[in-house]
Number of protein chains: 4
Amino acid sequence: MIGTGNIGTAHARSLAREISGAEVSWVFDADSARASALADELGAHVAPSAEQLIASSDAVVIASPDAMHAEQAILCLDAQRPTLCEKPLAPTVGEAQRVVDAELDLGRRLLSLGFMRRFDPGYVDLKAAIPSVGTPLIVHNVHRNTFAPYGLTSAGTLTNSAIHELDINRWLLDDEYASVQVIVGRPGPDTPEGEFDPMLVILTTERGTLVEIEAFVNAQYGYEVRCEVVASGGTLDMGDGSFITRRADRAVGHDVPELWLGRFGEAYRRELQAWVDATHRGKTSGATAWDGLVATITANAAVRSITEGPQAIDVPARPALYA
Amino acid sequence: MIGTGNIGTAHARSLAREISGAEVSWVFDADSARASALADELGAHVAPSAEQLIASSDAVVIASPDAMHAEQAILCLDAQRPTLCEKPLAPTVGEAQRVVDAELDLGRRLLSLGFMRRFDPGYVDLKAAIPSVGTPLIVHNVHRNTFAPYGLTSAGTLTNSAIHELDINRWLLDDEYASVQVIVGRPGPDTPEGEFDPMLVILTTERGTLVEIEAFVNAQYGYEVRCEVVASGGTLDMGDGSFITRRADRAVGHDVPELWLGRFGEAYRRELQAWVDATHRGKTSGATAWDGLVATITANAAVRSITEGPQAIDVPARPALYA
Amino acid sequence: MIGTGNIGTAHARSLAREISGAEVSWVFDADSARASALADELGAHVAPSAEQLIASSDAVVIASPDAMHAEQAILCLDAQRPTLCEKPLAPTVGEAQRVVDAELDLGRRLLSLGFMRRFDPGYVDLKAAIPSVGTPLIVHNVHRNTFAPYGLTSAGTLTNSAIHELDINRWLLDDEYASVQVIVGRPGPDTPEGEFDPMLVILTTERGTLVEIEAFVNAQYGYEVRCEVVASGGTLDMGDGSFITRRADRAVGHDVPELWLGRFGEAYRRELQAWVDATHRGKTSGATAWDGLVATITANAAVRSITEGPQAIDVPARPALYA
Amino acid sequence: MIGTGNIGTAHARSLAREISGAEVSWVFDADSARASALADELGAHVAPSAEQLIASSDAVVIASPDAMHAEQAILCLDAQRPTLCEKPLAPTVGEAQRVVDAELDLGRRLLSLGFMRRFDPGYVDLKAAIPSVGTPLIVHNVHRNTFAPYGLTSAGTLTNSAIHELDINRWLLDDEYASVQVIVGRPGPDTPEGEFDPMLVILTTERGTLVEIEAFVNAQYGYEVRCEVVASGGTLDMGDGSFITRRADRAVGHDVPELWLGRFGEAYRRELQAWVDATHRGKTSGATAWDGLVATITANAAVRSITEGPQAIDVPARPALYA
């Protein structure tokens, strides 16, 4: 486990305690005290560097800061280790391309990318049900955070938060994006000068489906992700799978979590189990480095669209390795 | 009652039977047999022409075909009759402007316009609740018809169906539109060549709120209107006020009506009662001729946007009569 | 209008302002100042006594305290006035029987009883949908008040509040009760010593359907009425017809009213319009004096059941007048 | 794994593939071909008898027919093996008591009982939320099966199906039952002569909370479990955690599964992981043999109540081992 922040710690505990077929043997973090605490908890060793961890482990999970993903992923590929890399693959297209190139040089797929929504029971049910309502024509997505965790920038909202929707809609539709347009209005009260929140992102796919994303990182009321597929014969609307309706104080309803783990905890578990299973079979699972590159290309086009209007999305030809 | 088609007949029966303070004394329709049948049912007289009906009545409801609204409205204004005119005020900006000019010449407001959603319990509750969630930033509207009633054209969808949303969002937000953009994707299976369905209409208001409308007239599954106000401190989502949840055949849910009257019957009743009450007090109720002109200007700009991209919405200065 | 308390005032305003075919000409209340205020508001006269009001009016609405209903209803019948009497017909079986006897002596039906739920859009939709799910086997009813309005007694809960369910389930099922049993547990925190709240009332109909009522008058969180019909091929569940879902403060849901008028306002309006229409045709509408007698017999059996266990419900043979 | 029917196979696959810290080494089934097929799939051995399986395994799961649970549980206790036994512990009170006695003789707890709802995210959330609404006064439970899987008898409904509610309400409320009453009405159309379906089971707890269970095994429309806790300051209502709302064919709603695994799959997984974790720590998890005895005593009292009216529930004093 490279990186022992929130998500790295959650992944490591899950691998150690509720995933069949895996053990956490080594952990690394630039903050060695934090790494030691987790290693002690799980009976693992602390590695002095990412390189040594990679050399000592059968398979690697990268949960370091976004800016280090690409470099560490390439180290893992060089060492031929099955790797699960947290999203995004890289903030810039150049870095993401280098990871893809490294894997292409290797000639086989070793990297799985942590777009965990592909394993979420809600999205899985949604995709399975699409044929029951016909041809998808529009997908309305809502992605609301209670507050922006690390400062709010329009670009960060697109490359770090809405990037989940950029990936999941390609997967839902089995389709590729042709263009993107970001439409902004008046910002909410806590938005820094010059930034926008919420934003409407509107993409057109190659087959002509419209994909809309409301990206709102200071929504204040809670964390919520919704997705409605509008098709030729009906629609499908993904809610939050909440079990409990409370009646109290002149209102009836259910709680909304403050943070995403309350909504996607089960998706993370299934993602990890699928990755461990795939690793034992010599396969990857879920999104690939190629999917990560496409997501980064799309997110960067969306960022340009804020100031420059509609953007075509130019994705290179898909290599056979990712067919 | 001028016009005894579906909506004229419904209005006449409601006025006769469930509205306090009104009687239906005269009806007119180009199809005189249809007019006679309704007159007999309600104990009213058949007028030989719209002009004679106007001359003989204390107040007039216009429910004729859209193309005749403006001309008949001007006749009513000339005769100084309180008038409730069905929406739209007119299909073209020129005609709508002539009605406004006629009322301005008269110097007092006599015309109420039948944007009945302003009286719908759902929209009324929605507007009342907006202060509880802060400043509106985005409004997501969905307007789906089971099928296009009179043939489908992209322009007709905007000027006849989505025009309801064009009016109701101004009213909800107490704000004016600055620009409009229509985004189209692949059409659904029953869409005639060269037309688009569904469409996304995106407006920006003068205060910067984004208003989105999904206009889908061949949605097939049923008639549905939804509206979600996304505000700085929370959101409000208007559903359909259905009472009954049915569990049967491996599913739980509720029925969706095929036609709009199943959703907006109560709005029509409240609209008529408010108009009768206002008429007794020498006032108008609900939307004005000015609101009708603005809706037609906006709808026509949206039509142009399908082929010409984003359009500014240029509304003339609001006359003092409509302040 | 006899009685100008909350419900009498609401009825009078509705009759004057939103009911077609009615005028409020006379009002009476033991509190003559209150009567005068309402009369002034509506342009009506104040009657010095119920007798004089009855003599001067074409039709009468009784909205006086429960204990006076029977006596005033008999005065109306003696004067042969079409009458809408608020529920219950009478608190005691003897008084209710005397009203029925008076109407039987008269030989025609003049009295309509204000069980307004029979006009509620929710219950009307529910009854209409029953054939779609088969044979009713169980009906689960929930009747919760925010707080007991006039002090809480177990008997009062049954004879004044749950009596709505006692009537509406007979109407829903077109069936008669055979027995009743009240089951009580530990009382809620605000329940006076020796009283019970909530209570479960379980009735069996002649055809064997089980009718369950949770009667809870200090539910604190709000006013709510629900009804689920469990049938051989599915179920139907009546909610509150709310239009607006609010997302705010880590929760999503909708408001619950504090008082019943927020839920049943439309039922009252439809009840009044139906009564006025029926009166013009020389008919009664909705529940009859007989229905009021049956409800009182059933409620009193339920009261006995609290201390004496299951009770048979012995209703006399239905007179032909009420067939 | 003793028993390789539906639930035994599901448990074995889950233990082998998605539970951390467990391997399936031996399987036994009276149908040795079925046992072999599963053993081959999972890389396990086939045991020639339950006894040999128990002797060869570190821990045992009993998923044999209900009638064999008690005997095999005693074998496991004799061999001092940590054991997870499917519910019910035994159909008769005598057998259940013998298992408890065997564990008491042993002097330590080795048996965990498969009341998996204690691990269901819905029930876990429900129990956690109870303090937010005050003191529980009534619990309404609904347990509906699409059809009775193995023939329908009133007794079987109570001892095999409603027994889940008998356990889970004790756990939800941390309370014990004092009495039970079963109320039956007319049976649904597919009910054999002399049997009842649906039934209302009403229990009173020692602290006075009313627990109601609608047990309906031929509900036809689908499988559904609901639970509403009515408390002094509000209520909590557990739904099915469905993610997807479909709009199609004039209706909006979501699918209901035909079978229980569609609702409780995650509960089974969490139950197994908790049991494996507890076993590694030398503990049991979830329900105990004592809970199984109480459930069987209660279910048998309910069966008697069908013909004999309200029954007291006499549970022996709780041994210190189960404190």
Subject >> One residue from A:222, A:233 being facing chain C (nearest Cβ under 10 Å) and at pLDDT 95 or above >> reply: A:222
Subject >> Subset of the stretch D:160-174 [touching a helix residue (DSSP H, G or I) at 6+ places or on another chain (Cβ under 8 Å) and either charged (D, E, K, R) or at pLDDT below 95 (or both)] >> reply: D:160, D:167, D:170
Subject >> Any hit, the stretch B:215-223, residues being more than 17 Å from the chain's Cα centre (by Cα), free of Cβ contacts under 8 Å to residues at least 60 places away in the same chain and either surrounded by fewer than 20 Cβ atoms within 10 Å (Cβ to Cβ) or under 28 Å from residue B:185 (Cα atoms) (or both) >> reply: no
**OP:** Quickly run through the stretch C:239-262 and pick out the residues that are without any contact (Cβ under 8 Å) to a residue 40 or more places away in the chain and facing chain A (nearest Cβ under 7 Å).
**Re:** C:247, C:248, C:249, C:250, C:251, C:252, C:253, C:254, C:255, C:256
Original post:
Any chance the stretch B:165-177 includes a residue that's aromatic (Phe, Trp, Tyr) and within 20 Å of the chain's Cα centre (by Cα)?
Top reply: yes
**OP:** Please verify whether the stretch B:201-211 includes one or more residues that are in a strand (DSSP E or B) and among the hydroxyl-bearing types (Ser, Thr, Tyr).
**Re:** yes
**OP:** Looking only at the stretch A:293-309, decide whether some residue is surrounded by 19 or more Cβ atoms within 10 Å (Cβ to Cβ) and under 29 Å from residue A:17 (Cα atoms).
**Re:** no
Original post:
If you go through the stretch B:122-166 one residue at a time, how many are among the charged types (D, E, K, R) and away from chain C (no Cβ under 14 Å)?
Top reply: 2
Subject >> Residue among A:137, A:111, A:89, A:104 that is farther than 21 Å from residue A:300 by Cα, buried (at least 23 other Cβ atoms within 10 Å of the Cβ) and not assigned by TED's automatic domain parsing to the domain that holds residue A:209 >> reply: A:111
Original post:
Is it true that some residue in the stretch D:238-257 is out of contact with any Leu (no Cβ under 7 Å at 6 or more places or on another chain) and farther than 30 Å from residue B:219 by Cβ?
Top reply: no
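Conditions tested, residue by residue: (1) part of a helix (DSSP H, G or I); (2) under 14 Å from the mean Cα position of the chain (by Cα); (3) not acidic (Asp, Glu).
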{"site": "B:112", "(1), (2), (3)": "no, yes, yes"}
{"site": "B:117", "(1), (2), (3)": "yes, yes, yes"}
{"site": "B:124", "(1), (2), (3)": "yes, no, yes"}
{"site": "B:128", "(1), (2), (3)": "yes, no, yes"}
{"site": "B:143", "(1), (2), (3)": "no, yes, yes"}
{"site": "B:157", "(1), (2), (3)": "yes, yes, yes"}
Subject >> Residue list for the stretch D:94-121, restricted to those being under 22 Å from residue D:225 (Cα atoms), more than 14 Å from every other protein chain (Cβ to nearest Cβ) and among the basic types (Lys, Arg) >> reply: D:118
Subject >> Only one of D:87, D:127 that is farther than 20 Å from residue D:289 by Cβ and of a type in the set (Lys, Arg) >> reply: D:127
**OP:** Find the residue count for the stretch C:263-280, including only residues that are at the interface with another protein chain (Cβ under 7 Å from one of its Cβ atoms) and surrounded by fewer than 20 Cβ atoms within 10 Å (Cβ to Cβ).
**Re:** 0
Original post:
Which residue pairs have Cβ atoms closer than 6 Å, lie 6 or more positions apart in sequence or on different chains, and pair a first residue in the stretch A:15-33 that is farther than 30 Å from residue D:269 by Cβ with a second residue that is hydroxyl-bearing (Ser, Thr, Tyr)?
Top reply: A:29/A:4
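Might you check whether a residue that is on the phi > 0 side of the Ramachandran plot and either within 14 Å of another protein chain (Cβ to nearest Cβ) or not polar (S, T, N, Q) (or both) occurs anywhere in the stretch B:175-192?
Within the stretch B:175-192, not a single residue is on the phi > 0 side of the Ramachandran plot and either within 14 Å of another protein chain (Cβ to nearest Cβ) or not polar (S, T, N, Q) (or both).
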Original post:
Within the stretch A:178-188, is there a residue that is in contact (Cβ under 8 Å) with a residue 40 or more places away in the chain, assigned to a helix (DSSP H, G or I) and out of contact with any His (no Cβ under 6 Å at 6 or more places or on another chain)?
Top reply: no
Original post:
In the stretch C:309-317, is there at least one residue being among the aliphatic types (A, V, I, L, M) and free of Cβ contacts under 8 Å to residues at least 40 places away in the same chain?
Top reply: yes
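The values are calculated or read from the model by the stated rules, or taken from the named source; none is laboratory data. Computed from a predicted structure; not experimentally measured. Note: ideal-geometry Cβ built from the backbone for every residue, glycine included; neighbour counts use all protein chains shown.
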